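Q: This is the structure, below, for whatever I ask next.
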């Protein structure tokens with residue numbers, strides 16, 4: 001008889017345990033999971049923005065270094081230097097374009113895109129693909145002979161291979177401005 005009472009006692013407990021076995025998450029646990037997801041999302045967003053900032057900074061350094069090297073050659077009486085510059089790998093081409101003349105050469109399909117993004121007539125250096133540097137797509141490099149640089153090809157483009165673009169900056173005795181070549 002005693003065994004019968006024990007079995008009855010367990011028979012009443014089992015249905016209650018089955019109902020209580022459901023997953024119950026407290027508010028604190030739900031809030032913690034939500035907070036962790038939020039922090040991870042913000043961290044990925046911040047990392048993406050820092051990498052974008054790094055690309056724009058690297059492109060700005062390229063432009064500054066190029067302008068300094070052009071100025072140095074421009075001040076000299078004669079020079080011809082081949083210099084490698086570092087660029088973000090997102091940039092495939094660095095192009096010099098004279099937007100006041102017609103397009104010609106193998107990269108003439110890029111000419112209209114450069115016209116569309118150019119905010120002033122003086123911009124002559126463009127990064128392709130457009131938008132690869134988040135708004136830093138074109139700028140002006142001074143003291144270059146754009147007519148001579150883009151005589152055969154307008155736009156005149158230099159490939160960015162593995163983050164390096166090789167540019168030849170040259171000037172002869174009789175020239176007043178610098179010419180850019182490959």
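Please treat every number below as a calculation from the coordinates, not as lab data. These figures come from a predicted structure and were not determined experimentally. Ideal geometry is used to build each Cβ from the backbone, glycine not excepted, and the neighbour counts take in all protein chains shown.
Q: Provide the gained length on full extension for the span residue 82 to residue 164, in nm with one decimal, where the gain is 0.36 nm per separating residue minus the Cα-Cα distance.
A: My answer for the length gained is 28.3 nm.
Q: When a/c reaches 1.5 or more, the comparison of a/b and b/c decides; with that in mind, is segment 60-124 rounded, prolate or oblate per its Cα gyration tensor?
A: Prolate, because a/c is 1.5 or more and a/b exceeds b/c.
Q: Also, I was wondering about something else. Just subtract the alpha-carbon distance of residue 72 and residue 130 from 0.36 nm times their residue separation and send over the number in nm, one decimal.
A: Here the answer is 18.0 nm.
Q: Taking 25 Å as R0, compute the FRET efficiency from the Cβ-Cβ separation of residue 102 and residue 145 and round it to 0.05.
A: Efficiency at R0 = 25 Å is approximately 0.90.
Q: Next question, about the same structure. Of 126, 50, 136, which has the largest mean-square fluctuation in a 10 Å C-alpha GNM of the chain?
A: Highest fluctuation of the listed residues: 50.
Q: Would you mind getting me the FRET efficiency between residue 173 and residue 60? Use the beta-carbon distance for r and R0 = 41 Å, nearest 0.05.
A: 0.80
Q: Next question, about the same structure. Applying 1/(1 + (r/R0)^6) with R0 = 30 Å to the Cβ-Cβ distance of residue 38 and residue 89, what FRET efficiency is obtained, to the nearest 0.05?
A: 0.45
Q: Turning to a different aspect of this structure: Would you mind checking the tilt of helix 27-75 against the longest principal axis of the Cα atoms of the chain, expressed as 0 to 90 degrees and rounded to 10?
A: Compared with the principal axis, the helix lies near 10 degrees.
Q: Still on this structure, please answer the following. Taking P(r) over Cα pairs in 10 Å bins from 0, in percent as the quantity of interest, determine which of (i) 8, 27, 22, 9, 6, 6, 6, 5, 5, 4, 2, 0, 0; (ii) 10, 39, 41, 10, 0; (iii) 10, 30, 23, 15, 10, 6, 4, 1 was computed from the displayed structure.
A: The listed entry that was calculated here is (i).
Q: Residue 25 to residue 52: extension gain in nm, 0.36 nm per residue of separation minus the Cα-Cα distance?
A: 5.8 nm
Q: Calculate how steeply helix 2-20 sits against the longest principal axis of the alpha-carbon atoms of the chain, using the helix alpha-carbon long axis, and give the answer as 0 to 90 degrees to the nearest 10.
A: Around 30 degrees separate the two axes.
Q: Which of 144, 30 has the fewest other C-beta atoms within 10 Å, and how do the rest follow up to the most?
A: The most exposed by this proxy come first: 30, 144.
Q: What residue among 35, 120, 101 has the largest mean-square fluctuation in a Gaussian network model of the chain, using Cα springs under 10 Å?
A: Of 35, 120, 101, the most mobile in the Gaussian network model is 35.
Q: For a test of the definition: using alpha carbon positions, the gyration tensor, and the 1.5 limit on a/c, classify segment 79-182 as rounded, prolate or oblate.
A: oblate
Q: Running a GNM on the chain with Cα contacts under 10 Å, which residue among 51, 133, 87 ends up with the highest mean-square fluctuation?
A: Maximum fluctuation in the GNM of the chain, among the listed residues, is at 51.
Q: Here is a follow-up. Which whole-number percentage describes the relative contact order of the chain, with Cα contacts under 8 Å and a sequence gap of 6 or more?
A: Worked out over the chain, it gives 26 percent.
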